[in-house]
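Trainee: Shown below is the structure under consideration.
The values are calculated or read from the model by the stated rules, or taken from the named source; none is laboratory data. Note that the coordinates shown come from a computational prediction; the quantities given were computed from them, not determined experimentally. Positions of Cβ are generated from backbone atoms using ideal geometry, with glycine treated the same way; all protein chains shown enter the neighbour counts. All accessible areas refer to the heavy atoms of the entire protein, side chains included, with ligands and DNA or RNA removed. Shrake-Rupley method; radii C 1.70, N 1.55, O 1.52, S 1.80 Å.
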Amino acid sequence: METDIKHPKFLKHYARSLFTYDEMMDERGEIREHWKPFHNVLKEFSEKDLSKRQKEINQLLRENGVTYNVYNRSQEMDRPWELDLVPLIIQKADWEIIEKGIQQRAELLNLILSDLYGQRMLVKEGLLPIELVYSHSGFLRQCDGIKFDNKYQLIIYACDMARGPDGRMWVINDRTQAPSGSGYALENRAAMLRVAPDLVRPVNIAKLSGYFSHISDSLPGLLNQHKEDARVVVLTPGYYNETYFEHAYLASQLGYKLVEGSDLMVKNKTVWLKTLSGLEKVDVIIRRLDDSYCDPLELRPDSQLGVTGLLSAIRAKNVSVVNPLGSSILENPGLLPFLPGIAKFFLNEKLILPSAATWWCGQKKEMDYVIENADKLVIKAIDRGLGFSSYFGDKLSKTELEQLRTRIRTTPHNFIGQQQVSFSTAPSLVRNHLKPRYTVLRSFAFAGKDGYKVMPGGLSRSSSHKENSLVSNQLGGRGKDTWVMEDLPKHPPKIILSPLTNKSIQPLPSRDSSALSSRSAESLFWTGRYLQRSLFTARMLRIILQNFNQNKLSGKETVESDDLKGLLRALTHITMTYPGFVGKGGENKFDCPEREIISVALNAKRPGSLANNLLYLKNNVFAVRDQWSRDVWRLIENVENQWEYISNNQRIRIRKVQIILDYIITTLVAFLGLNAENMQRDMGWFMMQIGSRLEKGLLNIASMRALLVPCYDEQTESTLNEALLSLNEGLESYRSRYKSHFHVPFVLEMLLFDKYYPKSIAYQFEKLGNYINRLPNKSGGYEMDKEDQLILDAYTKIRLAKLDDLSKASDEAFLRTELDDLLKFAAGRLADTANVITQNYFSHTHIQQQLTENIIDPEI
């Protein structure tokens with residue numbers, strides 16, 4: 001018996017907006033049966049409640065750093081991922097058909113892939129035109145004859161689907177090269193469970209975790225590397241790629257290494273990971289890189305992203321690549337009209353999931369039909385490499401249609417015409433109301449020994465506007481969690497506790513060693529450096545603004561006091577933002593210093609500024625994203641959010657800058673603390689600490705040279721000493737220890753000599769020596785390594801220095817020359833140490849490329 005369901009206010013006008021098949025509401029304006037449990041929960045929420053939850057979910061995704069990078073956006077490349085609070089719900093009976101259809105399609109495409117790089121029976125039997133295969137850039141002749149030693153070549157498969165007017169699911173696109181989206185689907189579910197558990201729990205839906213467990217369990221046995229402890233890496237183009245978040249996310253979730261092409265090399269037809277401790281063999285590569293970019297030696301010669309010689313290692317079966325190179329041929333939409341015949345040939349079955357009616361223009365009859373009906377069809381190129389986007393014929397002018405027809409006649413084999421399929425709509429939360437929006441579902445399948453396992457649900461996306469039928473992240477589409485309904489269990493599962501038996505225990509697979517690639521080591525090294533640089537600059541700016549405000553409270557618009565002038569000059573020296581307050585025209589800037597101060601704080605294009613340091617900090621943190629916990633990542637996102645606010649505010653005031661500086665300092669200190677507490681003490685941690693200690697030592701030296709070496713009157717020196725101690729967080733410790741006014745010898749004793757004080761220069765050198773000794777490939781002989789010599793040389797000279805001599809000022813120059821000489825010497829040794837570490841551990845081999853370029857003319 002159907003219950004009376006009242007529509008909430010935000011659903012009142014939903015039925016009036018329907019313009020095609022709708023997932024939630026039928027043609028009579030009633031809620032579909034499988035949507036009723038969710039609808040019953042939803043109607044208990046007010047518009048205000050839903051708006052609040054939507055804001056919370058957006059904030060959570062932003063804090064977690066979930067992004068989809070959008071190219072050609074000058075202001076903001078990494079756009080936050082947008083998730084609609086309202087899911088797409090699929091009933092169990094529907095999903096069972098969809099699941100079988102995906103499995104069938106994956107099996108069929110796997111057979112096609114095996115055939116095209118094997119016997120090519122489909123071409124010989126006339127089931128596929130030879131021009132359709134050989135003219136597509138995805139068919140890589142260099143991969144002919146390469147195959148895994150099992151029935152599955154296509155390991156990961158994804159397809160985009162939409163429900164048509166008849167209620168059936170139609171396949172829009174096949175994704176076989178490096179399908180993306182599964183990580184976003186998992187993150188969508190996690191975000192929904194955290195922000196809106198009261199929406200999720202009343203509805204019994206399938207879990208996603210089993211799909212990812214299946215990947216980990218199945219991958220080693222499917223490929224040529226039949227061993228439990230196979231080293232698996234995820235190959236990413238880098239953090240500028242639009243789905244880099246997902247690359248790092250999946251690597252972390254599955255426990256695999258995230259690598260770039262520069263992290264790998266081929267030697268003796270074997271792929272090796274370049275680590276700090278040497279080369280380590282790689283068995284499996286899950287690539288998120290287009291296949292033509294994977295090997296610059298045999299494929300695309302201008303690629304800077306691939307691994308030179310990778311194909312030679314694949315042919316020797318020393319490494320397995322998922323999906324295999326050349327699998328992008330299956331994304332050719334020209335295959336669609338031939339799939340029913342191929343399904344009958346290989347499987348003796350009809351396709352469960354149909355495709356939209358498609359006509360390949362390489363055949364005259366089909367070409368004539370497409371040209372005649374171009375105004376009613378969608379015209380597509382068979383190859384994305386042709387730089388031709390899809391055209392909807394009914395949206396083109398007569399002139400544009402004629403130009404399109406001319407292009408088709410010129411190279412007909414490059415084009416298809418496709419029937420326009422009206423996508424179904426699903427509810428989306430738009431300005432606190434439910435509105436129908438076109439929706440597309442991408443689901444995923446992964447091969448196993450018993451066939452393909454399909455993710456229950458997948459990544460749904462909805463269009464940004466009612467009139468927009470293009471559902472794309474690039475065009476502002478929103479993600480949706482996808483719920484596949486399950487039956488409620490009739491009886492709760494029984495938990496049986498059994499005593500230990502004498503059955504033999506299977507040995508656990510050996511752990512992947514915590515090898516650190518040289519590229520990751522370099523990013524962590526610079527993370528430590530830019531972290532200290534940002535923190536030091538922020539503290540220096542805060543001290544100056546505090547003094548500057550006191551100067552203004554005295555009624556002075558210009559800087560007249562020697563202590564504030566000393567601090568401003570020190571700002572230029574420490575940040576190296578020359579000319580600043582010391583170069584040409586520096587004295588004139590004391591008349592109105594605000595502009596220069598704000599520039600050092602906010603000008604991201606100015607090397608040495610706080611904004612510039614924060615930018616480089618984020619880039620290095622992002623490059624090793626898989627190293628950080630979510631809490632650490634939220635801190636970085638919070639800093640960026642705050643900085644975006646003031647960077648976009650053209651009329652920012654000094655007072656507001658001070659508030660933001662306090663927040664940034666607190667957040668960066670929290671970042672340091674979280675890593676000290678949670679980061680594993682492996683080579684990555686040591687490399688980050690080395691970078692941090694090197695930079696801390698250099699900054700301490702720079703601040704002491706700027707504030708202690710010049711001689712001033714007693715009052716000014718007292719103020720500058722206080723600022724120096726505040727900059728190094730030593731003000732309270734100094735007062736507790738010495739219980740006196742600020743004196744240069746006491747300040748030197750604490751900030752230079754005290755090896756037990758964590759901010760002193762002596763402490764930095766001692767820690768550096770300890771951390772450098774933990775690095776791999778140390779000689780171990782009687783002769784010290786170069787970096788050890790440099791650290792010991794400077795540390796010894798500091799320990800042997802006389803405090804009285806360092807404190808004395810030169811009568812002629814009004815400088816503490818001995819102190820300056822010692823600090824200059826120590827800074828030189830630190831800089832030399834950084835160079836030696838860079839040469840020994842971060843040098844990357846140049847990418848080898850072809851001597852002659854393979855020229856592929858898409859028009860041939």
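Trainee: Looking at the range 149-170, can you tell me whether even one residue there is at pLDDT below 90 and touching a Gly at 6+ places or on another chain (Cβ under 9 Å)?
Mentor: Yes: one or more hits.
Trainee: Moving on to the next point. When you check residue 656 against the structure, is it modelled with pLDDT under 85 and open to solvent by 40 Å² or more (accessible area, probe 1.4 Å), yes or no?
Mentor: Details: modelled with pLDDT under 85: yes; open to solvent by 40 Å² or more (accessible area, probe 1.4 Å): yes.
Yes.
Trainee: I'm checking my understanding of the structure. Among residues of the range 188-222 that are under 30 Å from residue 422 (Cβ atoms) and within 19 Å of the chain's Cα centre (by Cα), which one is surrounded by the fewest Cβ atoms within 10 Å (Cβ to Cβ)?
Mentor: So the residue we want is 189.
Trainee: Within the range 361-370, can you find the residues that are outside any helix (DSSP H, G or I) and open to solvent by 10 Å² or more (accessible area, probe 1.4 Å)?
Mentor: First, pick out the residues of the range 361-370 that are outside any helix (DSSP H, G or I): 361-363.
Correct list: 362, 363.
To keep it simple, each residue is scored yes or no on (1) surrounded by 19 or more Cβ atoms within 10 Å (Cβ to Cβ); (2) assigned to a helix (DSSP H, G or I); (3) of a type in the set (D, E, K, R).
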position	(1), (2), (3)
712	no, no, no
715	no, yes, no
733	no, yes, no
755	no, no, yes
758	no, no, no
774	no, no, yes
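Trainee: Within the range 735-753, how many residues are part of a loop (DSSP other than H, G, I, E, B) and buried (at least 19 other Cβ atoms within 10 Å of the Cβ)?
Mentor: 1
Trainee: So the check is Cβ under 9 Å with 6+ separation or different chains; which pairs have a first residue in the range 325-337 that's at positive phi and a second one that's assigned to a helix (DSSP H, G or I) and open to solvent by less than 20 Å² (accessible area, probe 1.4 Å)?
Mentor: 326/113; 326/116; 326/143; 326/291
Trainee: Same structure, new question: For the range 385-402, give me each residue that is in contact (Cβ under 8 Å) with a residue 24 or more places away in the chain and open to solvent by 50 Å² or more (accessible area, probe 1.4 Å).
Mentor: Result: 385, 392, 394.
Trainee: Right, residue 699: open to solvent by 30 Å² or more (accessible area, probe 1.4 Å) and either touching a strand residue (DSSP E or B) at 6+ places or on another chain (Cβ under 8 Å) or not in a loop (DSSP other than H, G, I, E, B) (or both) or not? Steps first, please.
Mentor: Working: open to solvent by 30 Å² or more (accessible area, probe 1.4 Å): no; either touching a strand residue (DSSP E or B) at 6+ places or on another chain (Cβ under 8 Å) or not in a loop (DSSP other than H, G, I, E, B) (or both): yes.
No; evaluated as a whole, the condition is false for this residue.
Trainee: Let me ask another. When you look at residue 837, is it within 30 Å of residue 517 (Cβ to Cβ) and open to solvent by less than 80 Å² (accessible area, probe 1.4 Å), yes or no? Before the answer, list the steps.
Mentor: Details: within 30 Å of residue 517 (Cβ to Cβ): yes; open to solvent by less than 80 Å² (accessible area, probe 1.4 Å): yes.
Here the answer is yes, as residue 837 does meet what is asked.
Trainee: Here's a follow-up. Within the range 291-310, how many residues are open to solvent by 40 Å² or more (accessible area, probe 1.4 Å) and in a loop (DSSP other than H, G, I, E, B)?
Mentor: Going through the range 291-310, the residues open to solvent by 40 Å² or more (accessible area, probe 1.4 Å) turn out to be 293, 297-298, 300, 302, 304-305.
Narrowing the set further to residues that are in a loop (DSSP other than H, G, I, E, B) leaves 297-298, 300, 302, 304-305.
Count: 6.
Trainee: If you go through the range 822-844 one residue at a time, how many are in contact (Cβ under 8 Å) with a residue 60 or more places away in the chain and in contact with a Leu (Cβ under 7 Å, 6 or more places away or on another chain)?
Mentor: Restricting attention to the range 822-844, the residues satisfying the condition of being in contact (Cβ under 8 Å) with a residue 60 or more places away in the chain are 823-824, 826-827, 830-831, 833-834, 837-838, 840-844.
Filter once more, keeping what is in contact with a Leu (Cβ under 7 Å, 6 or more places away or on another chain): 827, 830, 833-834, 841.
Selection size over the range 822-844: 5.
Trainee: Also, quick follow-up: In the range 106-134, which residues are hydroxyl-bearing (Ser, Thr, Tyr) and either in contact with a Ser or Thr (Cβ under 7 Å, 6 or more places away or on another chain) or in contact (Cβ under 8 Å) with a residue 12 or more places away in the chain (or both)? If you could, list the steps in order and put the result at the bottom.
Mentor: Applying the first criterion (hydroxyl-bearing (Ser, Thr, Tyr)) to the range 106-134 yields 114, 117, 134.
Answer for the range 106-134, where residues must be hydroxyl-bearing (Ser, Thr, Tyr) and either in contact with a Ser or Thr (Cβ under 7 Å, 6 or more places away or on another chain) or in contact (Cβ under 8 Å) with a residue 12 or more places away in the chain (or both): 114, 117.
Trainee: Go through the range 314-359 residue by residue and tally those that are part of a helix (DSSP H, G or I) and touching a Phe, Trp or Tyr at 6+ places or on another chain (Cβ under 7 Å).
Mentor: To start, the set of residues in the range 314-359 that are part of a helix (DSSP H, G or I) comprises 314-315, 327-331, 333-346.
Narrowing the set further to residues that are touching a Phe, Trp or Tyr at 6+ places or on another chain (Cβ under 7 Å) leaves 329, 334, 337.
Within the range 314-359, residues that are part of a helix (DSSP H, G or I) and touching a Phe, Trp or Tyr at 6+ places or on another chain (Cβ under 7 Å) number 3.
Trainee: Would you check if there is a residue in the range 799-806 being closer than 30 Å to residue 665 by Cβ, outside any helix (DSSP H, G or I) and open to solvent by less than 40 Å² (accessible area, probe 1.4 Å)?
Mentor: No, there is no match, as no residue in the range 799-806 is closer than 30 Å to residue 665 by Cβ, outside any helix (DSSP H, G or I) and open to solvent by less than 40 Å² (accessible area, probe 1.4 Å).
Trainee: Determine whether the range 347-360 contains at least one residue that is surrounded by 22 or more Cβ atoms within 10 Å (Cβ to Cβ) and farther than 14 Å from residue 174 by Cβ.
Mentor: So the first thing to find is which residues in the range 347-360 are surrounded by 22 or more Cβ atoms within 10 Å (Cβ to Cβ), and the list is 355, 359-360.
Filter once more, so that each one left must be farther than 14 Å from residue 174 by Cβ: 359-360.
Yes, the range 347-360 has at least one match.
Trainee: Which pairs have Cβ atoms under 9 Å, sit 6 or more apart or on different chains, and link a residue in the range 284-302 that is in contact (Cβ under 8 Å) with a residue 60 or more places away in the chain to one that is of a type in the set (Lys, Arg)?
Mentor: Partner pairs satisfying both residue conditions: 284/231; 290/300; 292/300.
Trainee: Just one of 238, 181 is over 18 Å from residue 323 (Cα atoms) and in contact (Cβ under 8 Å) with a residue 12 or more places away in the chain; which is it? Walk me through it before giving the result.
Mentor: Working: 181 fails: over 18 Å from residue 323 (Cα atoms).
After applying the criteria, what remains is 238.
Trainee: Here's something else I'd like to know. When the residues of the range 101-154 are filtered to those that are closer than 16 Å to residue 345 by Cα and of a type in the set (Val, Ile, Thr), which remaining residue is least open to solvent (accessible area, probe 1.4 Å)?
Mentor: Applying the first criterion (closer than 16 Å to residue 345 by Cα) to the range 101-154 yields 104-116, 119-129.
With the extra rule that they be of a type in the set (Val, Ile, Thr), the set shrinks to 112, 123.
Values: 112: 1, 123: 34 Å².
Looking at the filtered set, the residue picked out is 112.
Trainee: Next question, about the same structure. Among the residues that make up the range 608-627, is at least one of them in a helix (DSSP H, G or I), among the charged types (D, E, K, R), open to solvent by less than 30 Å² (accessible area, probe 1.4 Å) and in contact (Cβ under 8 Å) with a residue 24 or more places away in the chain?
Mentor: Yes.
Trainee: Name the single residue that is nearest to residue 212 (Cα to Cα) among those in the range 411-449 being among the aromatic types (Phe, Trp, Tyr) and not in a loop (DSSP other than H, G, I, E, B). Let's see the steps before the verdict.
Mentor: Our first condition is that a residue be among the aromatic types (Phe, Trp, Tyr); within the range 411-449, this holds for 415, 423, 438, 444, 446.
Now drop any that are not not in a loop (DSSP other than H, G, I, E, B), which leaves 415, 438, 444, 446.
On the way: 415: 37, 438: 28, 444: 11, 446: 9 Å.
Once the filter is applied, the top-ranked residue is 446.
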